[in-house]
Amino acid sequence: MARLSFIAAILFAVLALASTNAFAPQPSFKTAAPASATELSVKIKVSVGDGEPIESALRRFKREVNKSGHMMELRHRRQFENSQDKVKRKKKEAGMRRKYERMARKRMQRV
């Protein structure tokens, strides 16, 4: 009888441990989750040299972020933009880009 109660106690302990882990979150072995429409993959790295002031590294980081265009994209995603407005914005940006390229070519010819 004592042996039977001992086995029942062990079985009860094992079941209690198993039931507490039953609702624990399981690790997911998925690869990268698909990016949603509001996510941007930011892969900007700035290496800071020995003895380099943090201000200059921060300035270089800001310059890289501006060059990558992430901040502009986030600014446009702040509010909903329908397709017609997006086309208008893209045309305007293309015109500005052409204007700056023209100005840069003229500047290079003068030098």
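The values are calculated or read from the model by the stated rules, or taken from the named source; none is laboratory data. Because the structure is a prediction, the values reported are computed rather than measured. Using ideal geometry, Cβ is built from the backbone for each residue, glycine included, and neighbour counts are taken over all protein chains shown. Remember, those area values only see protein heavy atoms, side chains included, never the ligands or the DNA or RNA. Shrake-Rupley method; radii C 1.70, N 1.55, O 1.52, S 1.80 Å.
Pairs Lys67/Lys90; Lys67/Lys106; Lys45/Lys106: which exceed 25 Å Cα-Cα?
Lys45/Lys106
For region 49-111, give the percent of accessible area contributed by carbon and sulfur heavy atoms, probe 1.4 Å, rounded to a whole number. Mind dumping the intermediate values first?
Numbers: 3240 of 6050 Å².
C and S fraction of accessible area: 54 percent.
With each pseudo-label sitting 7 Å past Cα toward Cβ, what's the Met71-Ser56 distance in nm, one decimal?
2.1
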